[in-house]
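I have placed the structure first, in the form of structure tokens, so that the comments after it can refer back to it.
The values are calculated or read from the model by the stated rules, or taken from the named source; none is laboratory data. Keep in mind that this is a model prediction, so the values were computed, not measured. All Cβ positions, glycine included, derive from the backbone under ideal geometry; neighbour counts span all protein chains shown. Calculation scope for accessible area: heavy atoms of the full protein, side chains included, ligands and nucleic acids excluded. Shrake-Rupley method; radii C 1.70, N 1.55, O 1.52, S 1.80 Å.
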Amino acid sequence: MGLLSDPSRRKVLTGLLTRLNTPICIVCYLAGIVWFMGLAFEPFTLRTYMSENAMGSTMVEERFSSGERALSLAKEFDAHKRKAGGMPVEWLVKAMQSRGLEVFTQSFSRKLPFPDENKERYMVRGTNVYGILRAPRAPRTEALVITAPCSPGNTNNQAVALLLALAQYFRNQIYWAKDIIFLVNEHDLIGTQAWLEGYHHTNITGMEYSPLQGRAGSIQAALSLELSSDVITSLDLVLEGLNGQLPNLDLANLFYAFCQKLGVLCTIQGKLQRNDWDTAEGYTHAAQTMMLMVLKQACGRSWGDHGLFLRYHIEAASVRGINSFRHYKTDATTIGRLLEGMVRKLNNLLERLHQSYFFYLLPSLSRFVSIGYYMPAFGLLAVILLLRALDLWVHLGAPALAPSCHCFSVSLQPSSPGVLTVLTPVVISHLTGVALYLLPVHLQEMAVEHFPVSETEAVVLTAIAIYTAGLALPHNTQRYTHRLILMQFILRYMFTLLKLTALLYLAVLLGCTALINFSLGFILAVTLVPITASITPHMPKALYALVMVLLSPAFTILYCVFIYQELIEAPVSVSEGWMLFLSVISQGILDHALYGSLVYPLLALFIYPCWLMFWNILFWN
Amino acid sequence: FRLSSLIGHISTCPSLIGQCCQRHPGSVDEFQEELVIRPLHSGDIYASFQFRTLWDTDFLQEGQKVSHYRLFPKSLGQVLSKFSVRELHISFTQGFWRTMQWGQPFIPSPPGAELWVWFHDTVSDVDGNWKELTNVLSGIFCASLNFIDLTNTVQPSASFKPLGLGNATDHRFLRYATLPREIVCTENLTPWKKLLPCGSKAGLAVLLKSEKLFHSSFHSQAVHIRPVCQDEQCTSKAWELRQTLNVVFDLYTAGQGKKEWSLFKMFSRTLTEACPLATSSKVYVDITDNPELFELSPATPLLSQAVVLGDRRTYSVFDLTRAETFGQLRSLNLLLRWKGDGGEMLRPLLHAERYVAGFGLQTGEIHTVIYNNHPYRAFPVLLMDSVPWYLQLYIHTLTVTSKSRDNKPSYIHYQPAKDRHRPHLLEMLIQLPPHSMTEVTVQFERALLKWTEYTPDPNHGFYVGSSVVSALVPSMVAMNTNFTQDQPLFSSFVPVKEESSYFVRVYTEPLLVNLPTPDFSMPYNVICLTCTVVAVGYGSFYNLLTRTFQVDEPSLPLAKRLANLIRRIRGVPLLT
């Protein structure tokens, strides 16, 4: 690395980097976007393959045959559900007991921070019922979970019934090496969360629940089943979990392998696979599937009951039955066989699922993009921030070396109060972030008193109000700094220093985010990097203020809402989009409070303050 | 507290053993065999075999060399004398005893292998003897007992007292170890059967066919060797070898829809004769719940009552030494037909379970929950926990709570672990309030192992052996303290000292814990490569950011410097 130690060569190199900084940055940005879009192109992706030996080569014969019985059970369950006006706990306990399971119940209650208008719930009280099939001659150290949510209305009856039918069939088999837990949870994710917290005896979200009586050791994998019709046309696999966590890719491979074996149409993101990768339509289709995955992963919420298991290092996926207008139908027996095969292969596991990838994107079920392929796309965007920072660093150092600037000694003297002045905007932006994080939920009562809005609206509108109010802050800090330092060159020095800090801060933030949740990091980088890299106080204020606002985190969410709706082929008008945007914000806050999703605190406490620092720079005088 | 009484209780009163071992005059050795069949509430069926061989010799007497073996297996006899073993208990179990569904077993055992040995107090190098003994037993039973070493051996101070003669209390001569991961299968059953005088050729042992025994919910086989009194006055000692085999058959998987059991269905054999070497050979069927739950055929007029585990039970007895037992078909095939509808959970008086709480790979918490379901009696229990060193217990976080109140143990024996040398040992005497749930929690941190210490890649995780709860549980009926010859074997293993209580040992489930494990495959190379690149790149960038480089002027040669000196004096410009 003599290249950097040798002063003359180093001078050449830094000179090159500063001179060509802007073109390099533009090239990097475009390359990053192109790289990302190229990920969906089939020749650039890898074919999925089963890494786990225990699941790959072992033969499993599916013999489940009581699909019809499951459907009649679904009717019975439906009748009891109607009679009980919710979860028919007693009936379920009896049904599981008669199938030879050890049955336990868990009651839980949770008061939401504010009413959830999507699901119309505020005070949630419910009961989970679960039965444990004890594996013969196994010491209760390992378990698999099959869960079916007991949803209101007449959805998901078939899932619960199929669960019971599978329990009955499984109970008569001798080959189980792991205990199997059949869980019927009420209030979908809240019930799952209560059960998982009870099982692991933790309390991270302030849920109230009764302790669990029966356990079965460490859970190796979980499958969540959602099924609302007697026959289905395709099965959809849902992988995205809380905070963008994904289960091991082998679980997806397993599902795909059994769909192939049993001839069931399978989709991911609701999109069937196409074989014409070399046509424009084929590529667009794959790109859309991948974009949907990226959007779903980025929003950090759990897209099915499985998502909450991932926190506990339990590989989990949701299987969702879809009944559309295709001619090709699959009956309950085949779905039962598919699940039987999957559970039996999971039962064969000799180790935790770890062989395959945990970080991947799926342009289709048979193709995947691993972390090694998609990370460069983000790296190309992140390197722009570092290049700009290097440029600024060189500029900061340059006057010190140049003999023309006689005032260098003067500028060094106030540098210690100067660093403190840089701190002022940093602290103020972060305090705004803290306000954005804390106030919406805590001020809802006051807001409801003074304005004619509901609690949910109050929370969302308060959040938007604080977000907008944050934009007014730079004037305050600017006046404050004016009084302290008067000399123009020091001001220049200060803004450069602030921008350098902000750039490095953003680079670190995005880098860490992308490591945990690539999609979120990438989407934020795409919108934040161009404007933050180019912003200086010497630009036309009004125009650039507009551009900055349009590329701010809140607008990113808005665009994502529209793109998502476009991709799922349910485009919305502007006003509908706006309503969706509001509900997305309230759901984000709820997800954080209920399940510990980290996207809302990340945006409020870090990304938004960081963006405010750049806003400050724009209005620096 | 009642520690001394509890500990004293587990050890034996010599006179009792004397009574139970009255023997026929003239015979030197004696062999008894017994099978107990107990229909369980859940619809499953529990079969418990016990084979007892008595031998009136004393291996440990000085100068006496034993070379003649009749019924007692020579392989074990030699081991006993070579290693000066006073008492030996070894069990191999596949599965977990479901106390909530099946009640208490006659002789409990933890999942996997368990071995505990009392050495004679003349042994000087106990650890050396222990190591050799485990290796020898490993060979005899075809098991991985050679994996027992100092890192999983403990010396419990109170939980495991000798069950035979003598009142040894110095736990320096006791070694206890479990292997929770041990898989028990046919290769362990065959050597176990070979220890029987009749092998599996005759007697009850013909039923022990592995294809059926391992098609069950629970399988446990054990060998217990201990010294007992030879006669009532206890003038001389005898060695008792008890081989037990417990198996639970599952109604659902084996029943094929029909709710009935028969010897043939359970074992794919019927009984035709007793072992000719046996002095007694009996089959007991628990008919206490008859005829509400099931009906038994053929009926037998012979009934026997016994008080077992705090409960008075009635048994039908089939004596295989009598020809009329086999009837005209010359074979005995017991048949049980279920009438009742089981499935309800039981509430055993003492019950314990254990689990790991928390998530993530850094810390965790072990919860042990002990239930006292007695409606009005409190009783003390001894809890013993042996935790491997790689779970670093934070013993200051130890809490014991009953009915949401702090419950201070009256006796705590804690031996901290030494990394790679010795496990944690925690023994506590806890008073359980009536009708309560007592929760013992302790936090731990998962250790980072050295890279050679990780198990091979396909591993489930790291196992932590069961904790052991030993207690004297208040009995509902008066226990029988007066042993007679007729006493069936299953009720005479643990001697009873008082009428009001009986001894129970409950094992919790083993734990499966994941330790932070690097992925030893490809990513390892990637990490190495990345680290190298980062290190090299980092070094130069660090240089670039922190140091300023200046071109160092080369110093002038000596002649020039001298010339400059002169020039300076002369006041002319200097050379460069």
Completion exercise
Here the residues within segment A:39-73 that are open to solvent by less than 60 Å² (accessible area, probe 1.4 Å), part of a loop (DSSP other than H, G, I, E, B), within 14 Å of chain B (Cβ to nearest Cβ) and within 20 Å of A:LEU338 (Cβ to Cβ) are A:GLU52, A:THR58, A:SER66
Problem - B:LEU472 vs. criteria touching a helix residue (DSSP H, G or I) at 6+ places or on another chain (Cβ under 9 Å), buried (at least 17 other Cβ atoms within 10 Å of the Cβ) and outside any loop (DSSP other than H, G, I, E, B) - result: yes
Completion exercise
Of those in segment B:452-467 that are touching a residue at least 24 places away in the same chain (Cβ under 8 Å), in a loop (DSSP other than H, G, I, E, B) and facing chain A (nearest Cβ under 10 Å), the residue nearest to A:LEU353 (Cα to Cα) is B:HIS460
Completion exercise
All-but-one check, B:ASP419 against (1) surrounded by fewer than 21 Cβ atoms within 10 Å (Cβ to Cβ); (2) at pLDDT below 90, failing number (2)
Exercise for the section: Quickly run through segment A:128-142 and pick out the residues that are at the interface with chain B (Cβ under 10 Å from one of its Cβ atoms) and of a type outside the set (S, T, N, Q). Expected result: A:LEU133, A:ARG134, A:ALA135, A:PRO136, A:ARG137, A:ALA138, A:PRO139, A:ARG140, A:GLU142
Practice task
Kindly list the number of the only condition in (1) farther than 29 Å from A:GLN273 by Cβ; (2) more than 34 Å from the chain's Cα centre (by Cα) that fails for A:CYS28.
Solution key: (2)
Practice task
Mind telling me which of the residues B:SER280, B:SER316 ends up being within 21 Å of B:PHE51 (Cα to Cα) and either free of Cβ contacts under 8 Å to residues at least 60 places away in the same chain or within 14 Å of chain A (Cβ to nearest Cβ) (or both)?
Solution key: B:SER316
Practice task
Filter segment A:173-204 for residues that are of a type in the set (S, T, N, Q) and out of contact with any strand residue (DSSP E or B) (no Cβ under 6 Å at 6 or more places or on another chain) and give the result.
Solution key: A:GLN173, A:GLN193, A:THR202, A:ASN203
Problem - Selection from segment B:100-126 of residues that are at pLDDT 90 or above and within 14 Å of chain A (Cβ to nearest Cβ) - result: B:PRO108, B:SER109, B:PRO110, B:PRO111, B:GLY112, B:ALA113, B:GLU114
Problem - Among the residues listed as B:GLN443, B:GLN487, the single one being more than 14 Å from chain A (Cβ to nearest Cβ) and open to solvent by 10 Å² or more (accessible area, probe 1.4 Å) - result: B:GLN487
Exercise for the section: Would you be able to say whether some residue in segment B:510-521 is within 14 Å of another protein chain (Cβ to nearest Cβ) and closer than 18 Å to B:SER159 by Cβ? Expected result: yes
Exercise for the section: With the condition kept exactly as written, say whether any residue in segment A:152-159 is within 14 Å of chain B (Cβ to nearest Cβ), within 25 Å of A:ASN118 (Cβ to Cβ), in contact with a strand residue (DSSP E or B) (Cβ under 9 Å, 6 or more places away or on another chain) and not in a loop (DSSP other than H, G, I, E, B). Expected result: no
Exercise for the section: Filter segment B:137-152 down to residues that are buried (at least 18 other Cβ atoms within 10 Å of the Cβ) and either of a type outside the set (Val, Ile, Thr) or free of Cβ contacts under 8 Å to residues at least 60 places away in the same chain (or both), then give me how many there are. Expected result: 6
Fill in the blank from the handout: Residue set B:LEU335, B:LEU302; condition touching a residue at least 60 places away in the same chain (Cβ under 8 Å) and open to solvent by 30 Å² or more (accessible area, probe 1.4 Å); output residue B:LEU335
Practice task
Might you check whether a residue that is touching a Ser or Thr at 6+ places or on another chain (Cβ under 7 Å), within 14 Å of another protein chain (Cβ to nearest Cβ) and within 20 Å of A:THR127 (Cβ to Cβ) occurs anywhere in segment A:77-96?
Solution key: yes
Exercise for the section: State which residue is nearest to A:TRP303 (Cα to Cα) when the search covers only segment A:218-235 and only residues that are open to solvent by 10 Å² or more (accessible area, probe 1.4 Å) and modelled with pLDDT of 90 or more. Expected result: A:GLU226
Completion exercise
Filtering helices (runs of 4 or more DSSP H) wholly in segment A:296-412 for at least 1 residues that are modelled with pLDDT of 90 or more and open to solvent by 10 Å² or more (accessible area, probe 1.4 Å) gives A:332-347, A:371-401
Fill in the blank from the handout: Within segment A:197-217, of all residues that are buried (at least 17 other Cβ atoms within 10 Å of the Cβ) and without any contact (Cβ under 8 Å) to a residue 12 or more places away in the chain, the one farthest from the other protein chains (Cβ to nearest Cβ) is A:THR202
Practice task
Enumerate the helices (runs of 4 or more DSSP H) found wholly within segment A:560-621, keeping only those where 3 or more residues are surrounded by fewer than 18 Cβ atoms within 10 Å (Cβ to Cβ).
Solution key: A:574-595
Problem - Qualifying position, being within 14 Å of another protein chain (Cβ to nearest Cβ), open to solvent by 10 Å² or more (accessible area, probe 1.4 Å) and not hydroxyl-bearing (Ser, Thr, Tyr), among A:ARG121, A:ARG99, A:ARG110, A:ARG125 - result: A:ARG99
Practice task
Confirm whether A:ILE180 is at the interface with another protein chain (Cβ under 9 Å from one of its Cβ atoms), more than 23 Å from the chain's Cα centre (by Cα) and touching a residue at least 12 places away in the same chain (Cβ under 8 Å).
Solution key: no
Practice task
Determine if segment B:528-546 includes at least one residue that is open to solvent by 70 Å² or more (accessible area, probe 1.4 Å), at pLDDT below 80, within 30 Å of A:GLY397 (Cα to Cα) and within 10 Å of chain A (Cβ to nearest Cβ).
Solution key: yes
